[in-house]
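Here the structure comes first, spelled out in structure tokens, and everything after it is commentary.
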Ligand code: UD1
């Protein structure tokens, strides 16, 4: 188990390069199972979630190797339809493999997926959608078993625009017989990335980024190369870091359109932001309260930036209400922020944050990925020394996090506990 030791109170200056999006890479890796051709994912970040997905692909019989930062996947010899429990528990996105594994082998078996403990996270929308495509699903002893003689295109209306369910259905429908129309689909940019990648493999998908996605099943998909979209959540985390610590930074390989909801909030609290080509520049000194931050599906404010925004609200002038609409228990970072001097009251899915002039250093514990990032940002801005344990959560989604922060001037180091 590792932890960060952070000496807070240092302003940030310089440039950081944003990685490819975790939430784009994971479904692309699932899509690699749909072909027996060669797939190359360029700029694949070496984050724990991606490496776990690579390990699962290995268990399925795919050959994988890194050439620099390009991940090469050869699924020609894939022969196994069972996703091992130990790996599925590590990674919620293993559930995306249901769609592609069924498509490839006409059956799939997976242990109930794990991931961050931020709420119930059921998979009913995934399973109901797959049933509509003709899959027989049975659940027993913590396993989901799926089988299907033939996947058939159909209309699926999602009760909620679930990102994972939308992606799973795209994966299952890509080679189904006939056309599938997914209504009330999620609109996240990572879904457009999955569409574009499968189309590059010879797929016929349109509408990603809107609420209606049409997937015309094709007989065969071939290999393809792809560079995933940049990670809007990593970019947002660095922007909030600068807003909290003060200073001015530039982010390379960042897309301002994909995090427009955050940029709007940061401008409201008086940060100066401008974007040019693939760079976002931010400069911050004074911080007003953002008043209200309410998470919602894209293009709304992302739940994956809620914890970081809560940390920022702790040191804004005035009170902020944070409303978490996506996940039930996504405030586990709050007791830790309170240990650093924050003034926060949580009631149900809302938190009332009353700004204080500054936080102070403390020994705090991360219990999920984005909560861990939020505590790191709080420690960077706080007066004095902090430690943030346990970095396994942060490693799930941020590559070289402490190196990038150190390059911006932060005093942060990683130590073995
Ligand atoms: C994806 C992202 C995650 C992000 C989330 C919401 C990936 C790898 N992960 O997760 O980082 O926080 O979107 O933007 O892309 N739900 C159901 N039944 C289902 C599926 C979902 O009730 O079958 C509910 C969930 O409990 C949650 C809401 O729908 O309350 C949103 O979940 P969903 O959009 O599916 O999130 P994920 O795909 O798991």
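Taking the conditions (1) surrounded by 24 or more Cβ atoms within 10 Å (Cβ to Cβ); (2) at pLDDT 95 or above; (3) touching a strand residue (DSSP E or B) at 6+ places or on another chain (Cβ under 9 Å) in turn, residue 94 satisfies each one other than (2). Looking only at residues that are near the ligand (Cβ under 7 Å from one of its atoms) and part of a loop (DSSP other than H, G, I, E, B) in the stretch 116-126, which one is modelled with the highest pLDDT? Once the filter is applied, the top-ranked residue is 123.
Are any residues in the stretch 286-300 within 13 Å of the ligand (Cβ to nearest atom), without any contact (Cβ under 8 Å) to a residue 40 or more places away in the chain and part of a loop (DSSP other than H, G, I, E, B), and if so, which ones? It would help to see each step written out before you state the result.
Going residue by residue through the stretch 286-300, those that are within 13 Å of the ligand (Cβ to nearest atom) are 295-300.
Those still in the list that are without any contact (Cβ under 8 Å) to a residue 40 or more places away in the chain too: 295-296, 300.
Across the stretch 286-300, the qualifying residues are 296, 300.
Of all the residues in the stretch 47-71, those that are in contact (Cβ under 8 Å) with a residue 12 or more places away in the chain and either closer than 22 Å to residue 111 by Cβ or under 14 Å from the mean Cα position of the chain (by Cα) (or both) number 14. Annotation: residue 346 fulfils all but one of (1) farther than 30 Å from residue 160 by Cβ; (2) surrounded by fewer than 18 Cβ atoms within 10 Å (Cβ to Cβ); the unmet one is (1).
Against the definition (surrounded by fewer than 23 Cβ atoms within 10 Å (Cβ to Cβ), under 29 Å from residue 394 (Cβ atoms) and modelled with pLDDT of 95 or more), how does residue 62 come out, yes or no? For residue 62, the condition - surrounded by fewer than 23 Cβ atoms within 10 Å (Cβ to Cβ), under 29 Å from residue 394 (Cβ atoms) and modelled with pLDDT of 95 or more - is met. Among the candidates 284, 314, the residue that is at pLDDT 95 or above and buried (at least 22 other Cβ atoms within 10 Å of the Cβ) is uniquely 314. Taking (1) modelled with pLDDT of 95 or more; (2) outside any loop (DSSP other than H, G, I, E, B); (3) surrounded by 20 or more Cβ atoms within 10 Å (Cβ to Cβ) in turn, residue 214 satisfies each apart from (3). Restricting attention to the stretch 257-285 and to residues that are touching a helix residue (DSSP H, G or I) at 6+ places or on another chain (Cβ under 6 Å) and assigned to a loop (DSSP other than H, G, I, E, B), the residue that is nearest to residue 12 (Cα to Cα) turns out to be 271. Of note, residue 52 does not satisfy the criterion of being in a loop (DSSP other than H, G, I, E, B) and out of contact with any strand residue (DSSP E or B) (no Cβ under 6 Å at 6 or more places or on another chain). For the stretch 217-247, the tally of residues that are in a helix (DSSP H, G or I) and surrounded by fewer than 20 Cβ atoms within 10 Å (Cβ to Cβ) stands at 0. Annotation: of all residues in the stretch 14-36 being more than 16 Å from the ligand (Cβ to nearest atom) and part of a strand (DSSP E or B), the one that is nearest to residue 100 (Cα to Cα) is 17.
Determine, yes or no, whether residue 109 is away from the ligand (no atom under 16 Å from the Cβ), crowded, with 16+ Cβ neighbours inside 10 Å, in contact (Cβ under 8 Å) with a residue 24 or more places away in the chain and outside any helix (DSSP H, G or I). It is true that residue 109 is away from the ligand (no atom under 16 Å from the Cβ), crowded, with 16+ Cβ neighbours inside 10 Å, in contact (Cβ under 8 Å) with a residue 24 or more places away in the chain and outside any helix (DSSP H, G or I).
The values are calculated or read from the model by the stated rules, or taken from the named source; none is laboratory data. Every value quoted in this text rests on a predicted model; they were computed, and no experiment measured them. FYI the Cβ positions are ideal-geometry reconstructions off the backbone, even for glycines, and counts take in every protein chain you see.
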